[in-house]
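Visitor: Dropping a structure here in structure tokens format, bear with me for questions.
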Amino acid sequence: MSEIFKYADIDTKKKAFVFELDDVLFPEKDYILQVYYLFSNFIEFTEGFPPAVDMTEFMKNTYSHHGDDGIFDRVKEAFGIDEKYRENLERLYYTAVLPLKLLLFDDVLKFLQDIVIDRKLIFILTNGKPEVQINKIRQTEWNGLEQYLKVYYAGELNLKPEPDALSYIMKEYNLHRDEVLIVGANETDSEFAVSCGVDFLHVSEIM
């Protein structure tokens, strides 16, 4: 890993910082695994079987090996649960009331606080489904930062890496390309920065 990049190292011309949500501000798995926990407990309460702890552990292991895609089909096959519960799991992604708040990465929290102290702009521009991302944002421990966040959903204009969403933000706030920094965690955000003609910082460089 490269040397840690501190806020003090940022070009002072930067006026706006654009963050993705998942795996940039907090680990996406912290949300998904709590959804699995709630779903497993719902199934045990409703059907009496399987034990919630067994299903939760199965879903956790499946996620670590295969990701979230197709998770219901794997659970259905492993435990024989009814197809009718697919909708319940899908709904939980939008409506889950989490047992534990989502916590920002420590170094990212410090980075955000430094941005606020420097009176710069913080944007969250996410490719995720708005209803799901809203639920995550509501259940994140922002440590008082929530009042400084400006949240946009790329899908309402055009998903990243297409530049439309950032172009809209830049026009709205009268920003120039050299005044913006994108902070991301994957190839999509890297390509997004290139397509927008702005600088990119991988979140691992500040952690």
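The values are calculated or read from the model by the stated rules, or taken from the named source; none is laboratory data. Computed from a prediction, not measured in an experiment: that's the story for all the values here. We place every Cβ from the backbone using ideal geometry, glycine too, and count neighbours over all the protein chains shown.
Visitor: What's the number of the only condition in (1) touching a Lys or Arg at 6+ places or on another chain (Cβ under 8 Å); (2) in the same structural domain as ASP178 (by TED's automatic domain parsing) that HIS66 fails to meet?
Guide: (2)
Visitor: Quick test of your reading of the structure: LYS6 fulfils all but one of (1) farther than 30 Å from ILE206 by Cβ; (2) surrounded by fewer than 17 Cβ atoms within 10 Å (Cβ to Cβ). Name the failing condition by number.
Guide: Here LYS6 meets the rest and fails (1).
Visitor: Continuing with the same structure: For region 172-188, which residues satisfy the criterion of being surrounded by 18 or more Cβ atoms within 10 Å (Cβ to Cβ) and closer than 12 Å to ASN127 by Cα?
Guide: Scanning region 172-188 gives a single hit, GLY184.
Visitor: Then there's this: Here are TYR93, TYR152: which of them is surrounded by 15 or more Cβ atoms within 10 Å (Cβ to Cβ) and either in a helix (DSSP H, G or I) or of a type in the set (A, V, I, L, M) (or both)?
Guide: TYR93
Visitor: Restricting to region 158-171, count the residues that are part of a loop (DSSP other than H, G, I, E, B) and buried (at least 17 other Cβ atoms within 10 Å of the Cβ).
Guide: So the count comes out to 3.
Quick grid of which residues meet (1) surrounded by fewer than 17 Cβ atoms within 10 Å (Cβ to Cβ); (2) of a type outside the set (Val, Ile, Thr):
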{"site": "LEU21", "(1), (2)": "no, yes"}
{"site": "LEU25", "(1), (2)": "no, yes"}
{"site": "TYR31", "(1), (2)": "no, yes"}
{"site": "VAL35", "(1), (2)": "no, no"}
{"site": "LEU38", "(1), (2)": "no, yes"}
{"site": "PHE42", "(1), (2)": "yes, yes"}
{"site": "PRO51", "(1), (2)": "yes, yes"}
{"site": "GLU57", "(1), (2)": "yes, yes"}
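Visitor: Still on this structure, I have one more. Given the residues VAL108, VAL151, VAL132, VAL116, which is the only one that is assigned by TED's automatic domain parsing to the domain that holds ASN174, hydrophobic (A, V, I, L, M, F, W, C) and closer than 23 Å to THR62 by Cβ?
Guide: Residue meeting the stated conditions: VAL132.
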